[in-house]
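Inspection log for the structure reproduced underneath, given as structure tokens.
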Amino acid sequence: MNKPKIVRPEESQPAHAKWFDRKKYVTINFMVQRPKNVQVDIQPDKLILCCKNDTDDVFYNELHFYDKVQIHDSRERVYDRTINVLLRKVKPDYAWPHLQKDPVKPSWISVDFDNWRDWEHEEDEGKEEYDRYMDMIQEMATSNKGETPDMGDLSDFVTSVVSCCPAELKQEVNGKKETLKGFNIKLQDTILFPEGGGQPDDHGLIGEVPVLRVTRQGPDAIHFVASPLDVDREVHVKVDWERRFDHMQQHSGQHLITALADTMFGYKTTSWELGRQRSSIELDTSSVKPAQLQELEEVINEKIRARIPVTVQLVSIDDPAVEKVRSRGLPEDHAGPVRIIDIEGIDANMCCGTHVSNLSHLQVIKLLGTEKGKKNKTNLIFLAGNRVLKYAEKSYSTERSLVSLLKTGPDEHVEAVDKLQKSVKLLQKTNLSLLRDMAVLIAQNLKNNPQSGNFFSLHKKEGDNEFMNIIANEINTEETLVFLTVGEEKGPGLFLLAGRSGQVTEMGPRVLELLQGKGAGKNGRFQGKANSLARRGEVEALLMQLCKHRSSEEE
């Protein structure tokens, strides 16, 4: 099927492009912030690109290649900040000295020197992996996997506000717990799922107001929002479909994995967690063998390819069917009918969560591995659907970065990192040995200097507690007050104060205060961590004044 012709917009500008050459491929990265309406036409001798960015600036690029490319084995991929194009050369092992046929380089083209290397003797590192990755993407997108479900009536659901009460929401932001003031909204009906059954809640909108949390109170869903809503007001409710569909894929995936792990190996599921990046199932077994894991993954994806229907049944709690389904029990405050999720011929399970209507909507499931759980249990880690694509994309990006940094192919990364770690350990050991020798020399020079006085201060960027203690051990701290620091000059570091016990006990807390540190002392030593060495000079001046005062008293 021919692509529609791309027409140059009346008002446009070229997107900046960075490129590099390889044995079989040429890579071009067009720099566009949050690209949208992307159109790419790759022809044997040229490429046309047209798109918009997040501020609706229009970009249009047309370039004529230095040499021919294979259009059926060339492709583009859209990211948040770039549009990456991979072109397969018709003539492999033939270097492109410049990207365009015309040797005069436009201002919007530049060479990606981070990835540009002499490939005369290099292997095609990373490209086979890229091909396999792209083949996997295409395979998962083919029609035999079923069509992605649409949002149905979730895009325009109308209901009314039953109640609105002031409330607080405790949440964690960047690792810190915060309390947000807002309102709890109860609606006549809702399409937003309240957290439960191991599944997080939905997010979405009530009118134009974002819903930050949905919880369950008996039969009711409570929506936490930042702004109040009038009671009896008619409102439109919209679900965050990307988040909802992700949860559907992970939850239905868990049901499928749980059922097959039980059927194939007798491993019961005792709990599960739908995480932000990956999910885990707690299996009632002390271990899962690698061969079992591989067999389980193969059967799981066979069932997905078989396009098996997933249906929802609502039955009364006294219905005989309830006794025949898998369940870990109902909540104490359960009200209304029992909801059963039925994967045809595979599993029937009580569940309140959201699910796909066909296993084909799962696309693919990847079992990442297992981890030791609690009380002789095993945690099985998995990804389903779009998370597999994102994981593959992230893994390949990391792999490319490692190829560039380590200058080795992907298969040699572990060996290369192992060598680097051993080299670093050897360097650290050598460095520590030199620091110890330096500490002894510093102390000896002080002892041999008749003008040294009764106060000694030193700061060194490199060093540790042992370095400082060696210096202090070599000096007679009954006669000389020693103040040592290591670390960034105005940043965090370590400190040591050594001298007469009374002096150190008196001055230690003051040193802590000036260095914003934590520490403790005994037997004439006070040491610890400093959050900031910016006021080190003040500490030094204070200690020098103390020593002068002591000298005048002794005279």
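The values are calculated or read from the model by the stated rules, or taken from the named source; none is laboratory data. Predicted, not measured: the structure shown is a model, and the values here were computed from it. For neighbour counting, all protein chains shown are included, and Cβ atoms are generated from backbone atoms with ideal geometry for every residue, glycine included. Keep in mind that these areas ignore ligands, DNA and RNA; they rest on the heavy atoms of the full protein, side chains included. Shrake-Rupley method; radii C 1.70, N 1.55, O 1.52, S 1.80 Å.
Any residue that is out of contact with any Gly (no Cβ under 9 Å at 6 or more places or on another chain), more than 27 Å from MET248 (Cα to Cα) and in a strand (DSSP E or B) - is there at least one of those in the range 182-189? Checked the range 182-189: at least one residue is out of contact with any Gly (no Cβ under 9 Å at 6 or more places or on another chain), more than 27 Å from MET248 (Cα to Cα) and in a strand (DSSP E or B). Starting from residues that are open to solvent by less than 70 Å² (accessible area, probe 1.4 Å), in a loop (DSSP other than H, G, I, E, B) and more than 30 Å from ASP73 (Cα to Cα), keep the ones in the range 134-180 and report whichever is modelled with the highest pLDDT. That would be GLY175.
Would you call ARG233 under 19 Å from LYS181 (Cα atoms), among the charged types (D, E, K, R) and in contact with a strand residue (DSSP E or B) (Cβ under 7 Å, 6 or more places away or on another chain)? Criteria not met by ARG233. Could we say that MET31 is of a type outside the set (S, T, N, Q) and modelled with pLDDT of 90 or more here? Answer is yes for this residue.
Look at (1) outside any loop (DSSP other than H, G, I, E, B); (2) open to solvent by 10 Å² or more (accessible area, probe 1.4 Å); (3) modelled with pLDDT of 90 or more; (4) not aliphatic (A, V, I, L, M) and you find that GLY491 fails only one, number (1). Filtering the range 63-105 to residues that are acidic (Asp, Glu), touching a strand residue (DSSP E or B) at 6+ places or on another chain (Cβ under 9 Å) and surrounded by fewer than 14 Cβ atoms within 10 Å (Cβ to Cβ) leaves only ASP102. The set of residues in the range 382-411 being in a helix (DSSP H, G or I) and either in contact with a Ser or Thr (Cβ under 6 Å, 6 or more places away or on another chain) or surrounded by 16 or more Cβ atoms within 10 Å (Cβ to Cβ) (or both) consists of ASN386, ARG387, VAL388, LEU389, ALA392, TYR396, GLU399, ARG400, LEU402, VAL403, LEU406, PRO410. So is LEU484 touching a Phe, Trp or Tyr at 6+ places or on another chain (Cβ under 6 Å), of a type outside the set (S, T, N, Q), buried (at least 21 other Cβ atoms within 10 Å of the Cβ) and not in a loop (DSSP other than H, G, I, E, B) or not? No: the conditions fail for LEU484. Among the residues of the range 291-317, how many are open to solvent by 30 Å² or more (accessible area, probe 1.4 Å) and either in a strand (DSSP E or B) or of a type in the set (Ser, Thr, Tyr) (or both)? Residues flagged as open to solvent by 30 Å² or more (accessible area, probe 1.4 Å) and either in a strand (DSSP E or B) or of a type in the set (Ser, Thr, Tyr) (or both) within the range 291-317 amount to 6.
Which of the residues spanning the range 235-290 are crowded, with 19+ Cβ neighbours inside 10 Å and small (Gly, Ala, Ser)? Hits for the range 235-290 are SER252, GLY253, ALA259, ALA261, SER279, SER280.
If you go through the range 272-290 one residue at a time, do you hit one that is more than 20 Å from ILE343 (Cα to Cα) and assigned to a helix (DSSP H, G or I)? Looking for residues that are more than 20 Å from ILE343 (Cα to Cα) and assigned to a helix (DSSP H, G or I), one finds at least one in the range 272-290, hence yes. Could you go through the range 209-216 and let me know if any residue there is more than 26 Å from the chain's Cα centre (by Cα), buried (at least 16 other Cβ atoms within 10 Å of the Cβ) and not small (Gly, Ala, Ser). Yes: the range 209-216 contains one or more residues that are more than 26 Å from the chain's Cα centre (by Cα), buried (at least 16 other Cβ atoms within 10 Å of the Cβ) and not small (Gly, Ala, Ser). A single entry from THR408, THR398 fulfils the requirement of being without any contact (Cβ under 8 Å) to a residue 12 or more places away in the chain, over 23 Å from PRO290 (Cβ atoms) and within 34 Å of the chain's Cα centre (by Cα): THR398. Residue count for the range 45-61 under the criterion of being open to solvent by 60 Å² or more (accessible area, probe 1.4 Å) and within 20 Å of LEU99 (Cβ to Cβ): the result is 1.
Kindly evaluate ASP437 against the criterion of being open to solvent by 50 Å² or more (accessible area, probe 1.4 Å), farther than 21 Å from LEU546 by Cβ and out of contact with any Pro (no Cβ under 9 Å at 6 or more places or on another chain). Yes.
Among the residues of the range 512-552, those identified as out of contact with any Phe, Trp or Tyr (no Cβ under 7 Å at 6 or more places or on another chain), among the small types (Gly, Ala, Ser), touching a residue at least 40 places away in the same chain (Cβ under 8 Å) and not in a helix (DSSP H, G or I) are GLY524, SER532, ALA534. Can you pull out every residue in the range 55-79 that is closer than 20 Å to ALA15 by Cβ, touching a Lys or Arg at 6+ places or on another chain (Cβ under 6 Å) and either in a loop (DSSP other than H, G, I, E, B) or modelled with pLDDT under 90 (or both)? Scanning the range 55-79 gives TYR66, SER74.
Among the residues of the range 8-21, the ones that are open to solvent by less than 20 Å² (accessible area, probe 1.4 Å) and not small (Gly, Ala, Ser) come to 3 in all. The residue of the range 217-234 that is least open to solvent (accessible area, probe 1.4 Å), among those that are more than 20 Å from CYS352 (Cα to Cα) and touching a residue at least 60 places away in the same chain (Cβ under 8 Å), is LEU229.
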